[in-house]
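J.: Okay, handing you the structure first.
Just so it is clear, none of the values below were taken in a lab; they were calculated from the coordinates. None of the values given here were measured: they were computed from a predicted structure. A quick note on method: Cβ atoms are made from the backbone with ideal geometry, for glycine too, and the neighbour counts reach across all protein chains shown.
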Amino acid sequence: MEKSKVDYEKMYYGFPVILISFYDKNGVPNVTTLSSSYSLKDMVVLGFNTKGYAINEIIHVKDFVINVPDRSLVQEINFCGSKSGFECSKFDEANLTPVKSPLVNAPVIQECPIAIECTLTDVIERDQYQGITNVLAAVKGRYVAKEYLDHEGRLQPSMLNNILYVGDGVNRGYRYMEECNN
Ligand SMILES: Cc1cc2nc3c(=O)[nH]c(=O)nc-3n(C[C@H](O)[C@H](O)[C@H](O)COP(=O)(O)O)c2cc1C
């Protein structure tokens, strides 16, 4: 494939949109939208803007839940990704329901088909990457909507309806997963 060299400020090549829910220091549930994440075994890594409300609360309270929304929740994703918890408790205004998670002290979002309970273990900030706070967290529990499971309780990949966030710093948009049979 012939390529052009580009000088974008970023290249987000399709990261799944997730909703991070937590109880703040006062026990009030809140939520933010993220796309910077990956997971390996029982560890997850998340990337936050250092100044956001969510990260500054999670550093103190430690527990949070990664909720994987589907495309029916785009409006809520955009709301939670444009308003800050410094302004409001987003659960009061978004059409999302926080339910106390069984294992960690954080709310699961009822409307999302996948939830991953996490406890923060490491906070990484480097002079070279000013304004970015990376966190490592340990996975404590995982929950999947029953209709996503096969008869042995395993995940059916074809059922996922995740949203991918794509952008170059100027153009940005969502891509949706398509059904395939392999
Ligand atoms: C699709 C999408 C993906 C986003 N990904 C991230 C991200 O990976 N890291 C981040 O810090 N902010 C991300 N944001 C922006 C935050 O969600 C936004 O700044 C939010 O208002 C922060 O809320 P808070 O101050 O309550 O934490 C994203 C927003 C959208 C809509």
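J.: Below 8 Å, C-alpha to C-alpha, sequence gap of six or more: please give me the relative contact order for the stretch 12-176 in percent.
T.: Reported relative contact order: 28 percent.
J.: Report the chymotrypsin sites (Phe, Trp or Tyr not before Pro) located in the stretch 1-84 that are in a DSSP loop and have at most 16 other Cβ atoms inside 10 Å of their Cβ, or state none. Present the calculation step by step, with values, prior to reporting the outcome.
T.: Working: sites: Tyr8, Tyr12, Tyr13, Phe22, Tyr23, Tyr38, Phe48, Tyr53, Phe64, Phe79; in loops: Tyr8.
When the chymotrypsin sites (Phe, Trp or Tyr not before Pro) of the stretch 1-84 are filtered for loop state and at most 16 Cβ neighbours within 10 Å, Tyr8 remain.
J.: Another question about this same structure. Give me the net charge of Thr33's neighbourhood, meaning all other residues with Cβ under 10 Å from the Cβ of Thr33; Lys, Arg count +1, Asp, Glu -1. It would help to have the intermediate numbers written out before the result.
T.: Working: positive: Lys83, Lys90; negative: Glu76.
It works out to a net charge of +1.
J.: Using 0.36 nm per residue, how much length does the chain from Gln75 to Arg126 gain when fully extended, once their Cα-Cα distance is taken away?
T.: Length gained between Gln75 and Arg126: 15.0 nm.
J.: Give me a comma-separated list of calculated 3J(HN,Hα) values for the stretch 45-60, in order, Karplus coefficients 6.51, -1.76, 1.60 applied at θ = phi - 60°, integers in Hz, x for any Gly or Pro.
T.: These are the phi-based 3J(HN,Hα) values: 10, 10, x, 10, 5, 4, 8, x, 5, 4, 5, 6, 7, 5, 4, 8 Hz.
J.: Expressed in nm to one decimal, what extension gain is obtained for the pair Met11 and Glu152 from 0.36 nm per residue of sequence separation less their Cα-Cα distance?
T.: Taking Met11 through Glu152 to full extension adds about 46.9 nm, to one decimal.
J.: Also, quick follow-up: Just to be sure I follow the definition: excluding the sites themselves, where is the longest run in the chain that has none of the GluC sites (Glu not before Pro) in a DSSP loop with at most 10 other Cβ atoms within 10 Å? Intermediate values should be presented prior to the final figure.
T.: Details: sites that count: Glu2, Glu9, Glu87, Glu152, Glu178, Glu179.
The answer is 10-86.
J.: Then there is this: Set the bar at 23 Å for Cα to Cα. Now go through Lys25/Lys146; Lys41/Lys90; Lys100/Lys146; Lys10/Lys41 and name every pair that lies beyond it.
T.: Check vs 23 Å cut-off fails for Lys25/Lys146; Lys41/Lys90; Lys10/Lys41.
J.: Is the shape of the stretch 12-176 best called rounded, prolate or oblate, per the rule: a/c under 1.5 gives rounded, else a/b larger than b/c gives prolate, else oblate, with a ≥ b ≥ c the square roots of the Cα gyration tensor eigenvalues? Can you show the working numbers first?
T.: Working: a/c = 1.32, a/b = 1.18, b/c = 1.12.
Rounded shape, in that the Cα axes give a/c under 1.5.
J.: Would you kindly state how much longer the chain becomes between Ala138 and Val28 on full extension, computed as 0.36 nm times their sequence separation minus their alpha carbon distance, in nm to one decimal?
T.: Working: separation 110, 0.36 × 110 = 39.60 nm, distance 2.25 nm.
Here the answer is 37.3 nm.
J.: Report the trypsin sites (Lys or Arg not before Pro) located in the stretch 3-73 that are in a DSSP loop and have at most 10 other Cβ atoms inside 10 Å of their Cβ, or state none.
T.: Lys3, Lys5, Lys10, Lys25, Lys41
J.: Something else: Just add up the charged neighbours of Gly173: K/R +1, D/E -1, any other residue whose Cβ is under 15 Å from the Cβ of Gly173. It would help to have the intermediate numbers written out before the result.
T.: Values: positive: Lys10, Arg71, Arg172, Arg175; negative: Asp168.
With Lys, Arg at +1 and Asp, Glu at -1, the neighbours total +3.
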